[in-house]
1. Before we move on, is PRO209 of a type outside the set (Gly, Ala, Ser), open to solvent by less than 30 Å² (accessible area, probe 1.4 Å), under 24 Å from THR312 (Cα atoms) and outside the structural domain of PRO288 (by the TED database)?
2. Any residue in the range 187-202 that is modelled with pLDDT under 95 and either more than 24 Å from PRO270 (Cβ to Cβ) or β-branched (Val, Ile, Thr) (or both)?
3. Of the residues that make up the range 311-327, is at least one on the phi > 0 side of the Ramachandran plot and of a type outside the set (Ser, Thr, Tyr)?
4. Which one of SER313, SER301, SER296 is under 30 Å from ALA373 (Cα atoms) and assigned to a loop (DSSP other than H, G, I, E, B)?
5. Which count do you get for residues in the range 213-245 that are modelled with pLDDT of 80 or more and open to solvent by 40 Å² or more (accessible area, probe 1.4 Å)?
6. Please enumerate the residues belonging to the range 72-94 that are open to solvent by 50 Å² or more (accessible area, probe 1.4 Å) and touching a Lys or Arg at 6+ places or on another chain (Cβ under 7 Å).
7. So, of the residues in the range 335-352 that are of a type in the set (D, E, K, R) and over 15 Å from SER381 (Cα atoms), which turns out to be most open to solvent (accessible area, probe 1.4 Å)?
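The values are calculated or read from the model by the stated rules, or taken from the named source; none is laboratory data. No experiment lies behind these values; they were computed from the predicted model shown. Cβ placement follows ideal geometry from the backbone for every residue including glycine, while neighbour counts extend to all protein chains displayed. The area values use the complete protein model at the heavy-atom level, side chains included, leaving out ligands, DNA and RNA. Shrake-Rupley method; radii C 1.70, N 1.55, O 1.52, S 1.80 Å.
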Amino acid sequence: MDPQAPKKRGRKPKPKEDKKDEPKMKESTTTKRTAHQHAVDDKYTHWKSLVPVLYDWLANHNLVWPSLSCRWGPQLEQATYKNRQRLYLSEQTDGSVPNTLVIANCEVVKPRVAAAEHISQFNEEARSPFVKKHKTIIHPGEVNRIRELPQNTKIVATHTDSPDVLIWDVEAQPNRHAVLGATNSRPDLILTGHQDNAEFALAMCPTEPYVLSGGKDKSVVLWSIQDHITSSATDPATAKSAGSSGSIIKQSPKPGDGNDKAADGPSVGPRGIYNGHEDTVEDVTFCPSSAQEFCSVGDDSCLILWDARVGTSPVIKVEKAHDADLHCVDWNPLDDNLILTGSADNSVRMFDRRNLTSNGVGSPINKFEGHSAAVLCVQWSPDKSSVFGSSAEDGLLNIWDYEKVGKKVEQGPRTTHYPAGLFFQHAGHRSVTSNCILPLICILALGF
C-alpha cells in the first residue's frame with residue numbers, strides 16, 4: 001500500500017474552473033506532472049553520481065511512511081571516529097497503523113573517517129545501520145512539528161491536527177508497538193488556549209521553559225511550563241540520566257494509562273494570547289536573547305514582532321513581508337537583529353529589526369531566490385551567523401551565506417550561474433522536502 005500524499009501547508013483552495021474544460025485540464029495537468037517527474041528523476045540521478053564528491057559522509061535511511069517533521073536532539077556520546085546523536089522524527093501513516101513519534105539514535109561518522117566507496121554505494125531503498133530506533137510513541141494524530149526544550153531535551157513538544165500542544169517526556173514514556181487498534185500514548189502535559197487547529201507554528205524558548213504556538217484561529221499563544229516540571233528538568237547538575245524511569249514532568253493526582261483521548265492528560269492554560277494576524281499563523285520563533293520577545297508569520301503575508309512586557313498587541317507589523325503566504329521564520333541565534341522568512345512566493349528574505357518601524361514600514365535587507373516552489377523551512381546555522389538553510393516543495397535543501405552576496409566569484413566558460421549567496425545545494429529527494437533542516441557536520445535530511 002502506497003503512503004498517502006504529503007499534507008500541504010495551509011493552502012487556500014483555488015476557485016473551481018468551468019466543468020467543460022475539465023478533460024483538457026486533467027490531460028494538461030497529467031502531462032505537466034509527468035514532465036516534472038522526469039526532470040526531478042534526472043536531477044536526482046545527477047545528484048547521486050556526485051555524492052562521493054559532495055559529502056564528507058551521508059547516511060540514507062529509508063522510512064516506511066512519510067515524515068512530516070524531524071529534529072536533532074542532544075548529543076549522547078562522543079567517540080574517536082563517530083558521535084551518537086538523538087534524532088526525533090515522525091511517521092505519517094494511512095490509518096492502517098497509528099501515527100507515531102519516533103525517538104532514534106543516529107551514529108554520525110566524523111569527516112575523513114568514512115570511506116568514499118561506502119558513500120558512493122548507498123542504497124536509497126535500504127535502512128541505514130547508522131540510524132537505530134530507540135523508542136516509539138503512539139501519537140494522537142499526525143506529528144506535524146517537533147520541538148525540544150533547550151533546558152532539557154528529554155522534553156519535546158508536538159503539534160497535530162488539533163488546537164492543543166502536546167508535551168512529552170520521551171525518556172519516561174513507555175516504548176509502544178504501532179499496530180492497528182493500539183491506544184494512543186498519553187501526553188505528559190497538554191497546552192490549551194487555541195480556539196481552532198494549531199498545526200505547524202511551534203517554538204520552545206532558548207532561555208526559559210516557555211512554549212509558543214500559532215494556529216488557524218489567527219492567534220499566537222504563549223505558555224510557561226515552569227510550574228509543571230520538576231527542578232531536575234531544567235538543572236543540568238541534577239537532571240536524570242537518559243533511560244531513567246519516572247517522568248520529570250509533575251503528574252496530576254490521577255494519572256491515566258494509554259488512552260485514545262489525549263485530553264485525559266493534565267492540561268495547562270496560556271500565559272498570554274496575542275492577536276494581530278488576519279489569517280492562519282504558520283510559524284513562530286523566540287528571540288534568542290529574550291523570553292519576552294518573539295515573532296510570527298502567517299498566510300496574511302505579515303511578519304509580526306511581539307513583546308509580552310508591553311501587552312498583547314503587535315510591537316511591529318510588516319504588512320507585506322512577501323508577495324504570498326509566509327510559511328516559516330527563524331531568528332538568528334548569534335545576531336538577534338536578523339530574522340529570516342520563507343514564503344509561497346518561492347523566496348527567502350532577511351530582515352534587520354532595527355530597520356522595521358511600528359507603522360509596518362520595512363524592507364528586507366536581502367532576498368534569496370533559489371527555489372522553484374514554496375519555501376517550507378528556514379533555519380540559521382548555530383555556528384556561523386551568516387549561514388542558513390532553506391528547504392522547499394521543490395525537494396531541495398539550499399545552504400546560503402549572506403556574506404557572499406555581492407562578492408565577485410570567478411567563473412569559467414562552463415560555470416553554471418547560481419543565485420547570490422547560495423554555496424551548497426542538497427538534491428537527495430524526489431519529492432517534497434519536509435518541514436525540517438538538520439544541520440550537523442554533514443547534511444542529513446529526511447523526506448518523502
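1. Taking the combined requirement at face value, the residue satisfies it.
2. For the range 187-202, residues modelled with pLDDT under 95 and either more than 24 Å from PRO270 (Cβ to Cβ) or β-branched (Val, Ile, Thr) (or both): absent.
3. yes
4. Step by step, each of SER313, SER301, SER296 is checked, and only SER301 is under 30 Å from ALA373 (Cα atoms) and assigned to a loop (DSSP other than H, G, I, E, B).
5. Residues that pass the stated criteria total 5.
6. Those that are open to solvent by 50 Å² or more (accessible area, probe 1.4 Å) and touching a Lys or Arg at 6+ places or on another chain (Cβ under 7 Å): LEU76, GLU77, TYR81, LYS82.
7. So, considering only residues that are of a type in the set (D, E, K, R) and over 15 Å from SER381 (Cα atoms), the one most open to solvent (accessible area, probe 1.4 Å) is ASP345.
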